[in-house]
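Notes for the one structure printed next.
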Amino acid sequence: MTQTPPVHITLINYNRYEDTLECLRSLDQLDYPDFHVMVLDNGSENDSVERLRAARPELDLQTVTPNCGFTRAQNTAMRYVLDRGAELVWMLNNDTVVAPDALSKLVEKLRSDERYGAVGSVVMDMADRERIQAWGGGRVSYFMGRARHVSHKVDDATLDYLTGASMLIPRKVLEQLDMLDEAFFLYWDDADFGTRVRKAGWKLGVAESSRIWHKESATTQKRSPSMEYHFSRSMVRFFKKHYRGSAWPVTVGIGGQWAKRALQGDFKRCAAVWKGWREA
């Protein structure tokens, strides 16, 4: 591998061209000498494609329609750059801005140990720039049936997954694991990928000097019934896939989620939780 291996950066846009343009402006300031950015528009229902093309005529902008879900869109984007020879892929959320040295620090961390299968950034809160949203990723509780980001510094070995907001992945790992699992239409795809990376014998790492700032997007605020459905469905799929005694975490996780919505009096979301559980 060369001193500064080329990196392909993939961004997924869905209706939020303003966020994507802000992210692109921050990528313009990267100090890394060799990177290529591609944006995949995932069936936007507004004028995102026209806006992006007008603002960035040189942008490598690809489109799919209709919306195929985040995980399949991300796989589509990564396959596109892999077909063009990518050896390192930086999977990055479009509602982020990055520090100028964010990519350099990711590559430095990845190359520090050949056993790393993926490395992530420290994810900061865009609204409160000193608050950590995720120290690279988080942990899965098989007892409580949930996954939670870690918001303080921890050893790499204690993380079960890296958040998909910022993850640098070598080509050989993507090929070995056959990309992200598209059974996870939305949510839990990063927990699944991190679990598979570790089961395959690779390590997960956090480049603590690599910082990105992430917006509290609509998907992390109050979930709609549709998003509640996908969250529940993906949760059940995750535990059935990775845990022999899945009945316990599924019961506790789904039961807690349903009870919380019931106490809130939000019965549409209760029904969505039930539907997601039943279909999974």
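The values are calculated or read from the model by the stated rules, or taken from the named source; none is laboratory data. It should be emphasised that the depicted structure is a prediction, and the values quoted were computed from it without experimental measurement. Every residue, glycine as well, gets a Cβ built from its backbone with ideal geometry; the counts of neighbours run over all protein chains shown.
How many residues are in contact (Cβ under 8 Å) with a residue 60 or more places away in the chain and in a helix (DSSP H, G or I) if we restrict to region 59-79?
Qualifying residue count, region 59-79: 9.
Within region 176-212, track down each residue that is assigned to a helix (DSSP H, G or I) and not β-branched (V, I, T).
Q176, L177, D189, D190, A191, D192, F193, G194, R196, R198, K199
Look through region 141-159, keep the residues that are more than 16 Å from K109 (Cα to Cα) and without any contact (Cβ under 8 Å) to a residue 40 or more places away in the chain, and return whichever of them is surrounded by the most Cβ atoms within 10 Å (Cβ to Cβ).
Taking the candidates together, the pick is V150.
What number goes with the only condition from (1) under 26 Å from L177 (Cα atoms); (2) outside any helix (DSSP H, G or I); (3) at pLDDT 95 or above that T4 does not pass?
For T4, the exception is condition (3).
Taking region 256-280, which residues are touching a residue at least 40 places away in the same chain (Cβ under 8 Å) and out of contact with any helix residue (DSSP H, G or I) (no Cβ under 8 Å at 6 or more places or on another chain)?
G256
In region 1-24, what residues are at negative phi and free of Cβ contacts under 8 Å to residues at least 60 places away in the same chain?
Matches in region 1-24: T2, Q3, Y14, Y17, E18, L21, L24.
Read through the list (1) of a type in the set (S, T, Y); (2) in the same structural domain as K109 (by TED's automatic domain parsing); (3) in a helix (DSSP H, G or I), then give the number of the only condition that Y229 fails.
Status for Y229: all satisfied but (2).
Does any residue in region 40-58 that is in the same structural domain as N15 (by TED's automatic domain parsing) come within less than 7 Å, Cβ to Cβ, of a residue that is β-branched (V, I, T) and not in a strand (DSSP E or B) six or more places away or on a different chain, and which pairs are these?
Between residues of region 40-58 that are in the same structural domain as N15 (by TED's automatic domain parsing) and residues that are β-branched (V, I, T) and not in a strand (DSSP E or B), the close pairs are L40/T76; D41/V49; G43/T65; L52/T20.
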